[in-house]
Amino acid sequence: MPSPSPLCAASCSTHLRAPPPLLRFRRPAAQACASLTRAAPAVSDDLVLRIAEQLEDSVTSSSPLLDPLRSASALSLLPTPWPTRRSSEAFRFTDISYLRSLPISLPSRAPDVAPPASPFASHVHFSDGILVSASGDHVSSLADLPPGRARDRAAALLAASAEFAHKDIFYDFNAVGVRDVVVVHVPEGVKAADDPVHFMFTYTNSAKGSMLMSNPRVLVVAEKEAEVGIVEEHFAAGEEGGGCYWANPVMDIVVDEGARVVHSYVQRQSFAAGHTKWTVVKQDTSSKYEFVEVSTGAKLNRHNLHIQQLGPETETEMSTFHLTSQDKQIHDLHSRLILDHPRGQSQQLHKCIASGTGNSIFDGNIKVNRYVVKQLF
């Protein structure tokens, strides 16, 4: 019997102590009394609700380990309006109206496209957000992880990501629509930076007359003193020139004490695509995160790069390049580095080339909190 939604909870006679494992997006009955309606968050945007309903209905089966993340994100979406340049400071300079120019559709299965070849032994292929294959050392889908330390750690981290304070509507969309998560778990002391895991995300325009939306998700964990390399590519597949689709990926990266992650990211989507991406990194004591990005594709490209220091003496390097070669093409990088501990070192270099009526936006934020400032004097 399906669990009641947070909206349906508004018309129940008793309050739920905790949200159910899976939440259904359904509008409450019109006759629900005002006092009971306060038990559930108000619904502020029909478009957001409609997309959330489609996402939830498209997930016919998923790992129970994703239930806390999906439920919390469902609740978060209910009062959240669609961001505009007027209503949201985070999108003040970024026009995302293109994402609502066509009806949203969702893939029912992976398209019949030949998988791309990879030069690396460890590789993962997502097609339209659906996991097609995952092979190599330390790589597994969440559903296939055997009971043990890696599975328990992944479950705890995914549940904790539901409380991510800086998330936006696209982060929550991904959480509600995710079908499976690829987990890269590198055990303590293992050095694998020279044999990277190659992530290939391919996209099509198989849904004519609509914008096909996909929500792939990846979790990378480098335990104490471990090293891992990540090569991440997003590109169009199928017919010449790709097509009109919306890629909405999320990658969470956890770098434990003394660990190192080398991350390369290439975005060369179709020039008719929308691409909204989150990369969330947590760095523990004496860890190192190295990031290089090249983005040239997509009509609308928005990358939120969020890095948070969990201990002292961290090293963070970010090098990014954006090219807008098409008219009315939009590239937006929002990066945030939060330093909560002393002796953190960071370097950031961002370059962009915008031609014609293309638009390139960069918002680089480094927050040095009070405790760190006290240690400096």
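Is it the case that some residue within region 65-88 is at pLDDT below 85, assigned to a loop (DSSP other than H, G, I, E, B), more than 30 Å from M200 (Cβ to Cβ) and out of contact with any His (no Cβ under 8 Å at 6 or more places or on another chain)? Within region 65-88, not a single residue is at pLDDT below 85, assigned to a loop (DSSP other than H, G, I, E, B), more than 30 Å from M200 (Cβ to Cβ) and out of contact with any His (no Cβ under 8 Å at 6 or more places or on another chain).
I'd like the residue in region 310-329 that is of a type in the set (V, I, T) and either under 19 Å from E290 (Cβ atoms) or surrounded by fewer than 16 Cβ atoms within 10 Å (Cβ to Cβ) (or both) and, out of all such residues, is farthest from the chain's Cα centre (by Cα).
Of the residues in region 310-329, the ones of a type in the set (V, I, T) are 314, 316, 320, 324.
Subset that is either under 19 Å from E290 (Cβ atoms) or surrounded by fewer than 16 Cβ atoms within 10 Å (Cβ to Cβ) (or both): 314, 316, 320.
On the way: T314: 23, T316: 20, T320: 18 Å.
Per the criteria, the residue is T314.
Within region 330-356, take every residue that is within 22 Å of D252 (Cα to Cα) and polar (S, T, N, Q) and give me the one that is surrounded by the most Cβ atoms within 10 Å (Cβ to Cβ). Result: S335. Does V124 count as more than 30 Å from T357 (Cα to Cα), buried (at least 20 other Cβ atoms within 10 Å of the Cβ) and among the aliphatic types (A, V, I, L, M)? Criteria met by V124.
Is it the case that some residue within region 360-371 is part of a helix (DSSP H, G or I) and either free of Cβ contacts under 8 Å to residues at least 12 places away in the same chain or touching a Cys at 6+ places or on another chain (Cβ under 7 Å) (or both)? Reasoning before the result, please.
Keep residues of region 360-371 that are part of a helix (DSSP H, G or I), which gives 370-371.
Then drop every residue that is not either free of Cβ contacts under 8 Å to residues at least 12 places away in the same chain or touching a Cys at 6+ places or on another chain (Cβ under 7 Å) (or both), which leaves 370.
Checked region 360-371: at least one residue is part of a helix (DSSP H, G or I) and either free of Cβ contacts under 8 Å to residues at least 12 places away in the same chain or touching a Cys at 6+ places or on another chain (Cβ under 7 Å) (or both).
Among the residues of region 282-312, those that are in a loop (DSSP other than H, G, I, E, B), in contact with a His (Cβ under 6 Å, 6 or more places away or on another chain) and within 18 Å of A259 (Cβ to Cβ) comprise G311, P312.
With L131, L157 as the choices, which residue is in contact with a His (Cβ under 9 Å, 6 or more places away or on another chain), under 23 Å from S71 (Cα atoms) and not aromatic (F, W, Y)?
Working: L157 fails: in contact with a His (Cβ under 9 Å, 6 or more places away or on another chain).
L131 is the lone residue from the list that is in contact with a His (Cβ under 9 Å, 6 or more places away or on another chain), under 23 Å from S71 (Cα atoms) and not aromatic (F, W, Y).
Of all residues in region 81-103, those satisfying the criterion of being surrounded by 18 or more Cβ atoms within 10 Å (Cβ to Cβ) and touching a residue at least 40 places away in the same chain (Cβ under 8 Å) are W82, P83, T94, I96, Y98, L99.
Only one entry in E257, E293 is of a type in the set (D, E) and over 22 Å from K167 (Cα atoms), namely E257.
Out of the strands (runs of 3 or more DSSP E) lying entirely within region 171-270, which hold 2 or more residues that are of a type outside the set (A, V, I, L, M) and within 22 Å of the chain's Cα centre (by Cα)?
Hits in region 171-270: 191-203, 227-236, 245-247, 260-268.
The values are calculated or read from the model by the stated rules, or taken from the named source; none is laboratory data. Note that this is a predicted model, so its numbers are computed, not measured. Counting neighbours? That spans all protein chains shown, and the Cβs are built from the backbone with ideal geometry, glycine included.
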